[in-house]
Amino acid sequence: MTDTLTPVLSANWGTEKSWTLEAYAATGGYQAVGTALKMTPAEVTDLVKESGLRGRGGAGFPTGMKWSFVPKDNPNPKYLVVNADESEPGTCKDMPLLLASPHTLVEGMIIASYAIDCHTAFVYIRGEVLHVIRRMQQAVQEAYDAGYLGTNILGSGYDLDIVVHAGAGAYICGEETALLDSLEGRRGQPRLRPPFPAVAGLYASPTVINNVESISSVPAIVKNGSAWFGSMGSEKSKGMTIYSLSGHVNRPGQFEAPLGITLRQLLQLSGGVRAGHELKFWTPGGSSTPILTAEHLDVPLDYEGMGGVGSMLGTKALQVFDETTSVVRTTLRWVEFYKHESCGKCTPCREGNWWLVQLLKKFEAGQAVEGDVDKLLDICDDIGGKSFCALADGAVACVTSAVRHFRSEFEAGYSTPAWELFPYGRSALFEVPEKTEVHA
Amino acid sequence: MSGHEFQSFFGESGEVDMSDTTTSIDEATMSELRDLAGRYPQPRSALLPMLHLVQSVDGRISPAGIEACAEVLGITTAQVSGVATFYTMYRRRPGGKHHVGVCTTALCAVMGGDALLERVSEKLGIGPDETTPDGTFSLERIECNAACDFAPVMMVNWEFMDNMTPQKAEQLLDDLAAGREVHSTRGATITSWREAERVLAGFPDGRADEGPSAGRASLLGKSIADANGWTAPKPEEQK
């Protein structure tokens, strides 16, 4: 039986100047690079496959399998692109990781690049996190200076360059094919698949795109073995992962635990829902994963557990809302986000989210009319599954799940403004003037 | 729902202001733009960083900046404009010395972000996407900035300002306006939006060692694990 919390990635976050190469190496950092470079690339890929590591950025695709899809006989260069465009509402795990320990990612990138025969790797970081980018730039420079990057790394004959690339404010670039277009210096709009990036990705060359946390998990697997990794978590959801708890809890924060911990356990660790209040609804992995309620407190937070209750593990961003919160208001704000972030390529998403916002504003203001709940679901039906990428599906998921669990609250929007049913000041952490009219 | 007035989906995002042709781009800037283009297997990949550099020099995406990028990359100005108008971090009008963001995506909004935006807006006398007449502040209603365990969150020049309250926000604005030294809660000393843009372009400012390794919320799980003696399994316990 493993311990309740199992810090691996976060184990060194509190050490003195943890972001420097010196501090990272002092806790055993960069040992895994030496180990990996003595293995063959295929052995490294097999090790990651055996470990059962699955993507930590939302989709949960097996990481080692993704690597093995890179065709060996393709004459083009191979590329590794790390997705550090963390923007899914509620998600806040990769940024603290990169702030505190950017070398964990650098080390993981070296090993992953070696495994897929890549000599130029990129880390695409959202632009709105200046200090994270500073730390990453410095870590890469330190790694060059120490001989972990550049030519003939540790005398192995293997060469690798890493480029730190800042985005410019677009949630859609977290979608892997939009990210590639953005990294090619274009508007960040998703591509139709196939071909998949493993075959034709960056510059139409074989490309592996992985989340920060997925790649950062690789050094520990190389160092400790696939059995060690698999001794944490469950049969199909192996290993440790970072859960981010936010919202109406006494102590929000990051918790690294074996996959399969429950929200009830995490709430106990974080001092529970704020005093005098109770849980109303929550997201398991960001706003694109269907919301759940108190009845799901004991469902394991792993890929299968969340799938089994009609949601998704997503990014493990647990946003907790108590009984003071209006579901209608929250849903509106999420859909406003999707409307703002829709890249405009696919009509159902571009137009549909605009219409959802118009309708949800009426619900919030108590000006919806009989039948509008069905109209809302009807519009969702016209958006979901009808666009190139998953942004539209995420937008729809938060609406349909909110209606499924709280239909009567939407129906109350036929007559009563949300801010009368749920005075907004009660949800805030400090005293705020009460809302009495429609917001612009 | 019929009979609503037509409203452009892209609202304020508009085009680049071609009427303001002022620029500070010189040969040194051109050489830095070429440097950026040389960092990638294919030069066009440098376009986003190059546009960050244009902003740091001209305080906005300027017509001259667009021409400079097009010239260095050998693409058309229309192609550059198309990219510059897609991403929200690129400004079509001059921003303030300090760019202030208030998160109003669902979780921050509910926890007080809406009220923060109102207070900041009132104090500065400007709405979102506007700049104060003296050029000190510009304001933006930002989307989720990946700091939800520190909600409600504000940003100044893309540095974290965690766990904000209306009082803290007012103090922050007063300090910035008075030119006092201000530190990000999980970052460096606040410089200016233009200096921040230069770092984003790929020219480090040597401030990576400032600030803490992590905020308290980031360390919460680790500190609870330590208090309980919880760790990951030891590798030697495995076969």
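Quickly run through the range A:128-138 and pick out the residues that are within 8 Å of chain B (Cβ to nearest Cβ) and under 21 Å from A:ASP161 (Cα atoms).
A:ILE133, A:ARG134, A:ARG135, A:GLN137, A:GLN138
Going by what's in this entry, would A:GLU411 be described as surrounded by 15 or more Cβ atoms within 10 Å (Cβ to Cβ), under 30 Å from the mean Cα position of the chain (by Cα) and charged (D, E, K, R)?
No.
Yes or no: A:ALA227 in a helix (DSSP H, G or I), within 11 Å of chain B (Cβ to nearest Cβ) and more than 21 Å from the chain's Cα centre (by Cα)? Quick ask: steps written out before the conclusion?
Values: in a helix (DSSP H, G or I): yes; within 11 Å of chain B (Cβ to nearest Cβ): yes; more than 21 Å from the chain's Cα centre (by Cα): yes.
Yes, satisfied.
With respect to A:THR416, determine if the residue is in the same structural domain as A:TRP355 (by TED's automatic domain parsing), part of a helix (DSSP H, G or I) and of a type in the set (S, T, N, Q).
no
Is there any pair linking a residue in the range A:354-371 that is closer than 13 Å to A:VAL335 by Cα and within 8 Å of another protein chain (Cβ to nearest Cβ) to one that is assigned to a loop (DSSP other than H, G, I, E, B) and not hydroxyl-bearing (Ser, Thr, Tyr), with Cβ under 8 Å and at least six apart or on different chains, and which?
Between residues of the range A:354-371 that are closer than 13 Å to A:VAL335 by Cα and within 8 Å of another protein chain (Cβ to nearest Cβ) and residues that are assigned to a loop (DSSP other than H, G, I, E, B) and not hydroxyl-bearing (Ser, Thr, Tyr), the close pairs are A:TRP354/B:PHE9; A:TRP355/B:MET1; A:GLN358/B:MET1; A:GLN358/B:HIS4; A:LEU359/A:ALA368; A:LEU359/B:MET1.
Within the range A:24-39, which residues are in contact with a Lys or Arg (Cβ under 9 Å, 6 or more places away or on another chain) and closer than 20 Å to A:GLU213 by Cα?
A:GLY28, A:GLN31, A:ALA32
Out of (1) on the phi > 0 side of the Ramachandran plot; (2) touching a residue at least 60 places away in the same chain (Cβ under 8 Å), what's the single condition that is false for A:GLY276?
(2)
Name every residue in the range A:275-312 that is acidic (Asp, Glu) and within 18 Å of A:PRO252 (Cα to Cα), in order of residue number.
Within the range A:275-312, just A:GLU278 meets the criteria.
Quick check on the range A:5-30: of everything there that is over 24 Å from A:HIS131 (Cα atoms) and out of contact with any helix residue (DSSP H, G or I) (no Cβ under 6 Å at 6 or more places or on another chain), which residue is surrounded by the most Cβ atoms within 10 Å (Cβ to Cβ)?
Taking the candidates together, the pick is A:THR6.
Condition first: within 12 Å of chain B (Cβ to nearest Cβ), buried (at least 21 other Cβ atoms within 10 Å of the Cβ) and modelled with pLDDT of 95 or more. Can you find one or more residues in the range A:308-315 that meet it? Let's see the steps before the verdict.
Quick first cut of the range A:308-315, residues within 12 Å of chain B (Cβ to nearest Cβ) only: A:315.
Going one step further and asking which of them are buried (at least 21 other Cβ atoms within 10 Å of the Cβ), we end up with A:315.
Add one more test, that the residue is modelled with pLDDT of 95 or more, and what stays is A:315.
Scanning the range A:308-315 turns up at least one residue that is within 12 Å of chain B (Cβ to nearest Cβ), buried (at least 21 other Cβ atoms within 10 Å of the Cβ) and modelled with pLDDT of 95 or more.
Would you call A:LYS38 surrounded by fewer than 16 Cβ atoms within 10 Å (Cβ to Cβ), under 22 Å from A:CYS118 (Cβ atoms) and modelled with pLDDT under 95?
No: the conditions fail for A:LYS38.
Please verify whether B:GLY221 is at the interface with chain A (Cβ under 9 Å from one of its Cβ atoms) and either β-branched (Val, Ile, Thr) or part of a helix (DSSP H, G or I) (or both), treating the condition exactly as stated.
So B:GLY221 fits the description; yes.
Which one is farthest from the other protein chains (Cβ to nearest Cβ), of the residues in the range B:193-209 that are of a type in the set (Gly, Ala, Ser), crowded, with 17+ Cβ neighbours inside 10 Å and in a loop (DSSP other than H, G, I, E, B)?
B:GLY202
Kindly indicate whether any position in the range A:35-52 is under 28 Å from A:ALA200 (Cα atoms), of a type in the set (Lys, Arg) and touching a residue at least 12 places away in the same chain (Cβ under 8 Å).
Yes: one or more hits.
Quick one: is A:VAL123 within 21 Å of B:SER213 (Cβ to Cβ), within 10 Å of chain B (Cβ to nearest Cβ) and touching a strand residue (DSSP E or B) at 6+ places or on another chain (Cβ under 6 Å)?
So A:VAL123 fails the test.
Select, from A:THR262, A:THR293, the only residue that is surrounded by fewer than 19 Cβ atoms within 10 Å (Cβ to Cβ) and out of contact with any strand residue (DSSP E or B) (no Cβ under 7 Å at 6 or more places or on another chain).
A:THR262
Of everything in the range A:172-193, what is away from every other protein chain (no Cβ under 11 Å) and within 15 Å of A:GLY57 (Cα to Cα)? Give them in sequence order.
Quick first cut of the range A:172-193, residues away from every other protein chain (no Cβ under 11 Å) only: A:175-177, A:179, A:190-193.
Within the range A:172-193, A:GLU175, A:GLU176, A:THR177, A:LEU179 meet the criteria.
Within the range A:130-152, can one find any residue that is assigned to a loop (DSSP other than H, G, I, E, B), at pLDDT 95 or above and of a type in the set (A, V, I, L, M)?
Applying the first criterion (assigned to a loop (DSSP other than H, G, I, E, B)) to the range A:130-152 yields A:146-149, A:151-152.
From the residues that got through so far, the ones that are at pLDDT 95 or above too are A:146-149, A:151-152.
Going one step further and asking which of them are of a type in the set (A, V, I, L, M), we end up with A:146, A:149.
Yes, some residue in the range A:130-152 is assigned to a loop (DSSP other than H, G, I, E, B), at pLDDT 95 or above and of a type in the set (A, V, I, L, M).
Among all residue pairs at least 6 apart or on different chains, which show Cβ distances below 9 Å where the first residue, located in the range A:65-94, is closer than 14 Å to A:LEU202 by Cα and the second is part of a loop (DSSP other than H, G, I, E, B) and hydroxyl-bearing (Ser, Thr, Tyr)?
Listed by first residue and then by second, the contacts come to A:ASN74/A:SER205; A:ASN76/A:SER205; A:PRO77/A:SER205; A:LYS78/A:SER205; A:TYR79/A:SER205.
Here is a list: A:PRO252, A:PRO206. Which entry is crowded, with 21+ Cβ neighbours inside 10 Å and in the same structural domain as A:LEU183 (by TED's automatic domain parsing)?
A:PRO206
Restricting the search to the range A:153-196, which residues are in a loop (DSSP other than H, G, I, E, B) and acidic (Asp, Glu)? Let's see the steps before the verdict.
Step one: list which residues in the range A:153-196 are in a loop (DSSP other than H, G, I, E, B), which gives A:156-159, A:167-170, A:175, A:184-196.
Answer for the range A:153-196, where residues must be in a loop (DSSP other than H, G, I, E, B) and acidic (Asp, Glu): A:ASP159, A:GLU175, A:GLU184.
Only one residue in B:ASP162, B:ASP149 is within 7 Å of chain A (Cβ to nearest Cβ), among the charged types (D, E, K, R) and closer than 28 Å to A:CYS398 by Cα, so which one is that?
So the residue among B:ASP162, B:ASP149 that is within 7 Å of chain A (Cβ to nearest Cβ), among the charged types (D, E, K, R) and closer than 28 Å to A:CYS398 by Cα is B:ASP149.
In the range A:323-337, how many residues are over 21 Å from A:ASN353 (Cβ atoms) and either surrounded by 24 or more Cβ atoms within 10 Å (Cβ to Cβ) or within 10 Å of chain B (Cβ to nearest Cβ) (or both)?
Total meeting the criteria: 2.
Out of (1) more than 19 Å from A:GLU184 (Cα to Cα); (2) in contact with a His (Cβ under 7 Å, 6 or more places away or on another chain), the odd one out for A:TYR124 is which?
So the condition that A:TYR124 fails would be (1).
Among A:GLU351, A:GLU364, which is within 28 Å of the chain's Cα centre (by Cα) and surrounded by 15 or more Cβ atoms within 10 Å (Cβ to Cβ)?
Going through A:GLU351, A:GLU364 in turn, the sole match is A:GLU351.
Could you check the range B:43-100 and list, in sequence order, the residues that are farther than 29 Å from B:LEU173 by Cα, of a type in the set (A, V, I, L, M) and not in a helix (DSSP H, G or I)?
B:ILE75
Looking for whichever is buried (at least 21 other Cβ atoms within 10 Å of the Cβ), within 30 Å of A:GLN254 (Cα to Cα) and hydroxyl-bearing (Ser, Thr, Tyr) here; the options are B:THR165, B:THR105, B:THR88. Which one fits? Reasoning before the result, please.
Values: B:THR165 fails: buried (at least 21 other Cβ atoms within 10 Å of the Cβ); B:THR88 fails: buried (at least 21 other Cβ atoms within 10 Å of the Cβ).
The conditions single out B:THR105.
The values are calculated or read from the model by the stated rules, or taken from the named source; none is laboratory data. From a predicted model like this one, the values you see are computed outputs, not experimental measurements. Glycine also receives a Cβ, built like all others from the backbone with ideal geometry; neighbour counts cover every protein chain displayed.
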